[in-house]
1. So in segment 75-92, with the set limited to residues that are of a type outside the set (A, V, I, L, M, F, W, C) and within 22 Å of Phe119 (Cβ to Cβ), which one is nearest to the chain's Cα centre (by Cα)?
2. Is at least one residue of segment 248-257 out of contact with any Lys or Arg (no Cβ under 8 Å at 6 or more places or on another chain), touching a residue at least 40 places away in the same chain (Cβ under 8 Å) and open to solvent by 50 Å² or more (accessible area, probe 1.4 Å)?
3. Considering each residue of segment 23-32, count those that are open to solvent by 30 Å² or more (accessible area, probe 1.4 Å) and out of contact with any Lys or Arg (no Cβ under 8 Å at 6 or more places or on another chain), and give that number.
4. Mind listing just one residue for me: the one in segment 96-110 that is within 10 Å of ligand 1 (Cβ to nearest atom) and in a loop (DSSP other than H, G, I, E, B) and, of those, surrounded by the most Cβ atoms within 10 Å (Cβ to Cβ)?
5. Output the qualifying pairs, or none if there are none: Cβ atoms under 6 angstrom, residues six or more apart or on different chains, first residue in segment 172-190 and in contact (Cβ under 8 Å) with a residue 60 or more places away in the chain and part of a helix (DSSP H, G or I), second residue among the aliphatic types (A, V, I, L, M) and surrounded by 16 or more Cβ atoms within 10 Å (Cβ to Cβ).
6. Considering every residue within segment 136-150, establish whether at least one is in contact with a Ser or Thr (Cβ under 8 Å, 6 or more places away or on another chain), among the hydrophobic types (A, V, I, L, M, F, W, C), under 28 Å from Thr175 (Cβ atoms) and more than 16 Å from ligand 2 (Cβ to nearest atom).
7. Please name all residue pairs, on different chains or six or more residues apart, with Cβ atoms under 7 Å, provided the first residue is in segment 194-219 and is within 11 Å of ligand 2 (Cβ to nearest atom) and the second residue is open to solvent by less than 60 Å² (accessible area, probe 1.4 Å) and β-branched (Val, Ile, Thr).
Amino acid sequence: MFVHSGSLPHLLPPAAYTDAEWFARERREMFGRGWHPLCLADQVAKDGDQFAGEILGVPVVVMNREGRLHALRNVCAHRHSQIVPDGPQSGGKTLRCQIHGWEYDESGCLAKMTDGRSFKGFKAGALCLPSFRVEQAGPLVFVNLSPEGPTFLEHLGDLSAEFQRFYTGLRHVGTWTFESPVNWKVIVENAVESYHVPMVHPQTFQDYRPEELHDHALAPTYSRYGDLLPYESEKGLESLGFRVYTRLLIKNPTFKRFTHVNVYPNYLLYFGDIFSAFNVVEPLGPERSRLTFYSFVPRDIHWGWAGRLLQDLSMVVFIRMGKKIAQEDVSRWPPVQQGLRSALFPGVLSCREERVYGVQRYVAERLGMPVPPLDAGRAQRPPAASEDAAASPIAAAT
Ligand code: FES
Ligand SMILES: [Fe+2]
C-alpha cells in the first residue's frame, strides 16, 4: 500500500535542478558528507592492492595494507600529480608517484624521496597526505570525504539487515557507466515512481499496478518499494523460466519478487533472489550526471559449474531486458531537464509518486529548507488545477 493518500507537495523548486549555486550547496551540505562507492571489494582484497578513482572531483586512492583498507587523497605533495593512475594496481607496500617516484605509506606519510639530497633544506618529516574514512559494505568499498558522521551501515538504518542478506556472498557480473546531460534528481526521481509506466513502458511493463501490490516504505534515509505480485501469478515464458531457475539454483530463496530501494540521496538498489544491483547517480554538475550500475548474482548456488552456466545464460536475458527498460527511461530524462529550465508551476506529486516526495524531503532537510507539514503542503498545487484533483477531467480520464 501507499504511505499517503492524495496529493503531495513538490518540495523542490525548478531551480534545484538547474542552478549552479543550488548544486554547490548540495555538494557541500549533502554529498560532501555522504558515502560514495569507489570500487569492488574484490579489487582491493589482497595486501598491496590499490584502486584509484574520483569522488566529487577529488582524486582518491584506496589501498589494502595487511588486510586493512586505507583511503588517501591521490595528489602528490611534490608537484601535485595524481600519484597513481585511475583503476586497479598491485602496488606493494607504498604508494609510488608516477612522475618522480616519491613514496607514501598507508597512513599517507612520505616514506621515501627519490634523490633526497637535491632537496637539502626541505623539511619533509611531517609531510602526510590527507586520509578519508573508508568501509567495505557488501561487495563494494565506500569512501567518505568527511571525517564525521554515521557509518555506511548506520546510514542505511533498519535497511542494513536486508542489505546484508542480499549483498553478501555475491559474484560480480558487470559494471556499466554512462553520463547524461541532466541533474541527478531527474534520474533518481524517475527511478522511484511508477506513475510514468503506462506512458514510458507500454510494452515492457504495460499498466499501473494496483495500490495493493505496492509495499511502500518511507524511512528517514531511504524509500523502498516491494513488489507484492505473487511469484507464481505472472504468465509468460520469461517469468516461468526465472521461477524454474530460482527453484533449481538458489539456496534459501525468498520467492519474493524484486525490491527497489532509493538510499538517499543517490543510490538505487534493486535486489531479489537471483540478482542484486547497486546503482549510483553521481552529480557531476547542475545539469550533468554519471550513472554506474554494479550487477551481481549469488555466488553459492546448486549444481556447481552447470548451475553457473545456467546462471550466466539467464543473466544475458535478464540484463538485456533491464537495458531495454533503462533505455526507455534514459530517453525521457533530457525533455524533463529542458522543461525544468523554463518551468513556471511549482509542480505536484501523486501518492503513487510518494517516494519522489521522500527524496525531495531528504534534500530539503539537508539544505536547511523548511518542509511544510503535509496539510499546508496541499496549498502548493498548481493554481490552474481543481482543489479536488480526483474530480478533474484529467483525473477522470486516467
Ligand atoms: S609529482 Fe609526485 S613525485 Fe613529483
Ligand atoms: Fe521507468
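The values are calculated or read from the model by the stated rules, or taken from the named source; none is laboratory data. Quantities reported herein were computed from a predicted structural model and do not represent experimental measurements. Ideal geometry is used to build each Cβ from the backbone, glycine not excepted, and the neighbour counts take in all protein chains shown. Surface areas here come from the heavy atoms of the whole protein model, side chains and all, with no ligands, DNA or RNA. Shrake-Rupley method; radii C 1.70, N 1.55, O 1.52, S 1.80 Å.
1. Per the stated criteria, the residue is Gln82.
2. Yes, segment 248-257 has at least one match.
3. 4
4. Trp102
5. Pairs found: Trp184/Val281; Val186/Val336; Ile187/Val281; Val188/Val281; Val188/Val359; Glu189/Val356.
6. no
7. His201/Ile325; Thr204/Ile325; Phe205/Val197
For (1) away from ligand 1 (no atom under 16 Å from the Cβ); (2) surrounded by fewer than 16 Cβ atoms within 10 Å (Cβ to Cβ); (3) under 22 Å from Val280 (Cβ atoms), each residue gets a yes or a no:
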residue	(1), (2), (3)
Gln43	yes, no, yes
Arg68	yes, yes, no
Val84	no, no, no
Gly87	yes, yes, yes
Ser90	yes, yes, no
